[in-house]
Amino acid sequence: MTSRASGSTCGDCVFFGERTGIVRTKNVCERPGEGLRTIEKDAAACDFYQVSPRASFGLGTARAAAPAERLARPASGWQILCDTHCHTLFSRHAYSTLEENVRAAAAQGMELLGVTDHYSSMLYAQQTVQDWQYFLNLWAWPRRWQGVRLLRGCEADIVDLDGNIFGHDIFFDEAINGSKYHRPHNLKKMAFAQCDYVIASVHNKDFTEGASREQITRMYLRVLEDPKVLILGHVGRTGLDFDMDTVLGTVKERGKLIEVNESSLIEQKREGSYDRCRQIVSRCAELGVSISFGSDAHIASLVGHHEAVDALLDEVHFPQELVACRDAETFTGVVESAIGPMAE
Ligand SMILES: [Zn+2]
Ligand SMILES: [Zn+2]
């Protein structure tokens, strides 16, 4: 069902203005896949505005999206029903709870939400098992909440040119209650154990300074060998130069995914470095490499929003069959074939 935003017009369009930043000036709107258009105060709200659930802006009551009630998508929009990348308060520079993200995903009509907090040295100056216990209790999450399939994940930092992941060299001797372990426990192993899948990203590029294209390529290939890594996160935004065909070819071979990241696109459009993302996505289309969608939301109001991703996919005429997030069944199928069966 589609609730009409009665009385509200594109002139004060909250949807594009505040939420995605795609409105360039107050009265100019860029619809996904279209050019800029001037919006008058009395212009009728566009279909994109009309389908945006006010609930997700905190302006109404969020409700679970039972299949029949799922919000209608505009005909030109992409069928993306899984958001595989978002952050909760645990990430420290994010602002919503797990439940708020789930409710927002439901209100956006998502079938599946993957919650992937940062697993990174960004979080704490010193590493203790107490600080990382969040990842030791993921099994407590319901598998279905508010009608949304909930997946457990993390966004893990790549920390060196060998493709090692944060925590690979950190061990704890004690459990969270201070009792001694019989043998040291590895942080990375502990953090990944309950994750259904992992997104691997580079956030601090210092270690790549002076690295050759071959070294960066090798780094990504090594990362893809990790059995829990399913997705290379925002490789376009990271901006490291690598041999695209080699890395994308390996992603495809292993049945893994390249992320198309909504936050990156918005940021890159602003900074004018959008071409790198477009190049990568175009090459995925040519080589038959599947992509995942991640809002990379750091606040619930952005969960499940993919307007900028839609525009990019339109632009490169991306094949729908390579969109692994088109529905929950497809995405969970990819997780299980690349990583293995998910825990109950
Ligand atoms: Zn973050
Ligand atoms: Zn990231």
Note to self: Within segment 308-316, does at least one residue satisfy the condition of being touching a residue at least 24 places away in the same chain (Cβ under 8 Å) and within 16 Å of ligand 1 (Cβ to nearest atom)?
What the structure shows: no
Notebook entry, point to check: Would you pick out the residues in segment 228-253 that are under 15 Å from Ala200 (Cα atoms) and charged (D, E, K, R)?
Noted result: Lys228, Arg237
Next item on the list: Inspect segment 169-180 for any residue being part of a strand (DSSP E or B), out of contact with any Lys or Arg (no Cβ under 8 Å at 6 or more places or on another chain), touching a residue at least 24 places away in the same chain (Cβ under 8 Å) and among the aliphatic types (A, V, I, L, M) and give the result as yes or no.
Entry: no
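Test of understanding: among Asp169, Asp226, which residue is closer than 20 Å to Leu151 by Cα and acidic (Asp, Glu)?
Exactly one residue qualifies, and that residue is Asp226.
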Next item on the list: Having 1 or more residues that are touching a Leu at 6+ places or on another chain (Cβ under 7 Å) is the bar; report the helices (runs of 4 or more DSSP H) wholly within segment 229-276 that clear it.
Entry: 244-253, 262-271
Note to self: Name the single residue that is farthest from ligand 1 (Cβ to nearest atom) among those in segment 98-136 being without any contact (Cβ under 8 Å) to a residue 40 or more places away in the chain and outside any strand (DSSP E or B).
What the structure shows: Gln126
Next item on the list: Count, please, the residues in segment 202-237 that happen to be more than 16 Å from ligand 1 (Cβ to nearest atom) and at positive phi.
Entry: 1
Note to self: Can you pull out every residue in segment 196-228 that is assigned to a loop (DSSP other than H, G, I, E, B) and more than 16 Å from ligand 2 (Cβ to nearest atom)?
What the structure shows: Asp196, Glu209, Gly210, Ala211, Ser212, Asp226, Pro227, Lys228
Notebook entry, point to check: Identify, please: which residue in segment 331-344 is outside any loop (DSSP other than H, G, I, E, B) and without any contact (Cβ under 8 Å) to a residue 60 or more places away in the chain and is, among those, farthest from Val309 (Cα to Cα)?
Noted result: Glu336
Checklist line | Candidates Val260, Val281 - the one that is over 25 Å from Tyr119 (Cα atoms) and either buried (at least 18 other Cβ atoms within 10 Å of the Cβ) or within 16 Å of ligand 1 (Cβ to nearest atom) (or both) | finding: Val281
Check: Just one of Arg237, Arg222 is over 12 Å from the mean Cα position of the chain (by Cα) and surrounded by 19 or more Cβ atoms within 10 Å (Cβ to Cβ); which is it?
Finding: Arg237
Margin query: Six or more apart or on different chains, Cβ atoms under 6 Å: show the pairs whose first residue is in segment 146-157 and on the phi > 0 side of the Ramachandran plot and in a strand (DSSP E or B) and whose second is within 11 Å of ligand 2 (Cβ to nearest atom) and modelled with pLDDT of 95 or more.
Written below: none
Checklist line | Output for segment 312-329, where each listed residue is part of a helix (DSSP H, G or I) and surrounded by 19 or more Cβ atoms within 10 Å (Cβ to Cβ) | finding: Leu312, Leu313, Leu322
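Output the residue which, of all residues in segment 79-93 that are of a type in the set (Ser, Thr, Tyr) and more than 10 Å from ligand 1 (Cβ to nearest atom), is surrounded by the fewest Cβ atoms within 10 Å (Cβ to Cβ).
Thr88
The values are calculated or read from the model by the stated rules, or taken from the named source; none is laboratory data. Computed from a prediction, not measured in an experiment: that's the story for all the values here. Counting neighbours? That spans all protein chains shown, and the Cβs are built from the backbone with ideal geometry, glycine included.
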